[in-house]
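> I am attaching a structure below and will ask some questions about it afterwards.
The values are calculated or read from the model by the stated rules, or taken from the named source; none is laboratory data. Bear in mind that the values here come from a model prediction, so they are computed numbers and not experimental data. Here the Cβ positions follow ideal geometry from the backbone for every residue, glycine too, while neighbour counts run over all protein chains shown.
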Amino acid sequence: MFSDNHIDDVISGVAKAVIELSFDRVREFANKFKNKELAFIQEKSVIELVREQYYSGESKFYGKYIEDKYLLLLVRLGLTLRKLESDKNRLNNLRDKIFSEYEVKGLHVCYFVQNGILNRYIGILIESIKSEDELKDKILFILNNIEKHILFVNSMDKSNLIIKRAMSITASHSPSVFIISGTGSASKLVKECSEKIVNFMNDYELEKVSGWDKEILFFKRKIPQNK
């Protein structure tokens, strides 16, 4: 005859085994999902680099405020592009794969993260938001409407076209924060246009982020003054 204690031990052991098996299956399912969503990259070493971003401090921070899995994946791909900046061939290859899979909008979300713009944008938001829910909503809004808030300058663009596009975006959408970003050779174009753009952005104040291969202009809408 088994004692009650022995039966309890058996039941406890079975329950523990079921729980552990369940965890293993959850992990297995999660890994399969990650494999599927990253399969388009094809290059194993780059896939592993993307997976590393799932556990980075920056990714975990964004994960608190970005619940949309599609957008969060693009954010992590943006972090991966940043990691690959010293390896131009792999950088360009991943960029091309992202463009093929997620088109221009998806690539622009990745650029938004890669160039550190999302970091500074959140910093600007924190200066005026009243709750975490409001912060979540505003981050989600800009990621879903990236073309209404930021102009990515290409090295092949012309100065007059950059100015016209900046005027068009701000006139059509009146963003609270409007951003112009140029990296590499495009950074020189942004510098050349900046004074003319500032002249018609009377309702905004300018904050610059400059580097040897980067020029990013943050135009923050001024708070209207009571008269």
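> Do you know which of the residues in the range 140-158 that are assigned to a helix (DSSP H, G or I) and closer than 20 Å to E207 by Cα is farthest from the chain's Cα centre (by Cα)?
Among them, the one singled out is K148.
> Also: Could you give every pair whose Cβ atoms fall below 7 Å, whose first residue belongs to the range 138-164 and is farther than 24 Å from N119 by Cα, and whose second residue is outside any loop (DSSP other than H, G, I, E, B) and among the charged types (D, E, K, R), counting only separations of at least 6 or pairs across chains?
Sorted first by the residue in the range 138-164, then by its partner, the pairs are S159/E192; I163/K196.
> Among the residues of the range 49-81, which ones are of a type in the set (S, T, N, Q) and under 15 Å from Y102 (Cβ atoms)?
Listed by number, the list holds a single entry, T80.
> Please indicate, with yes or no, whether at least one residue in the range 192-203 is under 21 Å from L118 (Cα atoms), among the basic types (K, R) and at pLDDT 90 or above.
no
> Identify the residue in the range 99-139 that is more than 13 Å from the chain's Cα centre (by Cα) and in the same structural domain as L73 (by TED's automatic domain parsing) and, among all such residues, is farthest from V153 (Cα to Cα).
So the residue we want is E101.
> How about the range 56-98: which of its residues are outside any helix (DSSP H, G or I) and under 15 Å from the mean Cα position of the chain (by Cα)?
Those that are outside any helix (DSSP H, G or I) and under 15 Å from the mean Cα position of the chain (by Cα): S56, I66, E67, D68.
> Just to check your reading of the model, which residue among M167, M201 is touching a strand residue (DSSP E or B) at 6+ places or on another chain (Cβ under 7 Å), hydrophobic (A, V, I, L, M, F, W, C), in the same structural domain as K214 (by TED's automatic domain parsing) and over 28 Å from E85 (Cα atoms)?
M201 is the lone residue from the list that is touching a strand residue (DSSP E or B) at 6+ places or on another chain (Cβ under 7 Å), hydrophobic (A, V, I, L, M, F, W, C), in the same structural domain as K214 (by TED's automatic domain parsing) and over 28 Å from E85 (Cα atoms).
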